[in-house]
């Protein structure tokens, strides 16, 4: 049995801390290159934040109606079918969730190399070490894992506040710069920039995975989702404002380390080193939340007979899904060691937006069934419809932009269907009894 130890501050920290990783410190250039002005960039981040907030509202109602471990997996299973829930877990384990764990762990290692020279093999070793360390913390208890996540989130939000305050108080306004700002600013540019912004808000849904370890989840998870998204949106808008204040537009658009460049503009050479430390801290904090959340889905799938039964065991002393945690750590480490996460993750990550769009439809289906809930989305049905359309736009945009890679990723996700039917056929009651005997 799992322990209920996650309260509102911890759940809010999980939302905000999981979203705020390294991307906002490293490369907002994709958005600025398409919308080369403070007003245009702010509009993109505000739109992306609003759409994410709509998704959070959808998840909030679903969480209040189905407060069970597994979150999105449970919503898809209950509203549609176990097959669709299985596809979410299938894509999560093999690519989406494990891939982002591997990718962020590598970011942590690469920025650690700013201070300690690391070769390719050592970089992979540090990344795997980060995964193993955080998995061990979460193995020992959700209380420890959630407290660590809260500590990292408070630290990174404080660092952002210090950076913003120092930038405006100590920095000088940037001039126009030697290079002209990039062309852009059209409707197509805006839509592509919003899609990029939505990916920067990724991870907001993961708090739903821990429902059975959350105190009063029907109320806590909706509040945490809304508070967390508001905190992140405010941080993103304020950080972009300070970037534009300290650096010319062309520099913001082309920089791959914009936060370090902004820090150099304030304190001179060496500011980048301090900012690299912030990136390591922030990315490590995001990794902590992602490592915490994922095993709960595999635990729920195992309890439903959609994964090996042993993955659904809770530790008798620590009350954590210890085998699911170990399983995730091993596969994520394999992805780091082989480097395959790059191809797998970049091809498949967009497909989560198919599932996000289905969540909005799931909300409508569950309402029609009269499933009891303690929270209702305001603006229904406009909010879920807008979010479903935005999700569809992200998917279509990705398919148009990279048709071959996107189709390959989609095919991998769909390949989970025959696996599901083979598994459920093998797990028929007679086979299940034979396995357990």
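The values are calculated or read from the model by the stated rules, or taken from the named source; none is laboratory data. Being a predicted model, the structure only gives us computed values, none of them experimental. No Cβ is skipped: glycine too gets one built from the backbone with ideal geometry, and neighbour counts run over all protein chains shown.
Among the residues of the range 200-225, write down those that are over 21 Å from residue 4 (Cβ atoms) and part of a helix (DSSP H, G or I). Scanning the range 200-225 gives 200, 204. Report, by residue number, each residue of the range 3-21 that is in a helix (DSSP H, G or I) and surrounded by 22 or more Cβ atoms within 10 Å (Cβ to Cβ). Result: 10, 11, 12, 13, 14, 15, 16, 17, 18, 19. Restricted to the range 250-360, the set of helices (runs of 4 or more DSSP H) holding at least 3 residues that are within 23 Å of the chain's Cα centre (by Cα) and under 22 Å from residue 102 (Cα atoms) comprises 271-293, 295-303, 322-338, 341-348.
Just wondering, is there one or more residues in the range 168-187 that are modelled with pLDDT of 90 or more and part of a helix (DSSP H, G or I)? Yes.
When the criteria are applied in full, residue 224 fails the requirement of being closer than 19 Å to residue 66 by Cα, without any contact (Cβ under 8 Å) to a residue 24 or more places away in the chain and either crowded, with 22+ Cβ neighbours inside 10 Å or in contact with a helix residue (DSSP H, G or I) (Cβ under 9 Å, 6 or more places away or on another chain) (or both).
What do you reckon, is residue 379 under 22 Å from the mean Cα position of the chain (by Cα) and either surrounded by 17 or more Cβ atoms within 10 Å (Cβ to Cβ) or under 26 Å from residue 67 (Cβ atoms) (or both)? Taking the combined requirement at face value, the residue does not satisfy it.
Restricting the search to helices (runs of 4 or more DSSP H) fully inside the range 22-67 and requiring at least 1 residues that are out of contact with any helix residue (DSSP H, G or I) (no Cβ under 7 Å at 6 or more places or on another chain), surrounded by fewer than 20 Cβ atoms within 10 Å (Cβ to Cβ) and in contact (Cβ under 8 Å) with a residue 24 or more places away in the chain gives 38-65.
Tell me yes or no: at least one residue of the range 317-338 is under 23 Å from residue 212 (Cα atoms), at pLDDT below 95, surrounded by fewer than 23 Cβ atoms within 10 Å (Cβ to Cβ) and touching a helix residue (DSSP H, G or I) at 6+ places or on another chain (Cβ under 8 Å). Yes, that holds for at least one residue. For the range 274-294, check the following and say yes or no: at least one residue is surrounded by fewer than 19 Cβ atoms within 10 Å (Cβ to Cβ), at pLDDT below 90 and under 19 Å from residue 165 (Cβ atoms). Yes, the range 274-294 has at least one match.
Restricting attention to the range 96-121, which residues are assigned to a helix (DSSP H, G or I) and free of Cβ contacts under 8 Å to residues at least 12 places away in the same chain? Write out each step before concluding.
The initial filter retains those residues of the range 96-121 that are assigned to a helix (DSSP H, G or I), namely 96-112, 120-121.
Answer for the range 96-121, where residues must be assigned to a helix (DSSP H, G or I) and free of Cβ contacts under 8 Å to residues at least 12 places away in the same chain: 120, 121.
Among the residues of the range 124-145, is any out of contact with any helix residue (DSSP H, G or I) (no Cβ under 9 Å at 6 or more places or on another chain) and under 25 Å from residue 340 (Cα atoms)? Yes.
Restricting the search to the range 295-310, which residues are under 26 Å from residue 129 (Cα atoms) and either surrounded by 24 or more Cβ atoms within 10 Å (Cβ to Cβ) or modelled with pLDDT of 95 or more (or both)? Spell out the reasoning first.
In the first step, residues of the range 295-310 are kept if they are under 26 Å from residue 129 (Cα atoms); the result is 295-299, 310.
Residues satisfying the conditions are 295, 296, 297, 298, 299.
When 70, 85 are screened for being assigned to a helix (DSSP H, G or I), surrounded by 24 or more Cβ atoms within 10 Å (Cβ to Cβ) and in contact with a helix residue (DSSP H, G or I) (Cβ under 8 Å, 6 or more places away or on another chain), only 85 passes.
Among the candidates 228, 197, the residue that is modelled with pLDDT of 90 or more, outside any loop (DSSP other than H, G, I, E, B) and closer than 30 Å to residue 89 by Cβ is uniquely 228.
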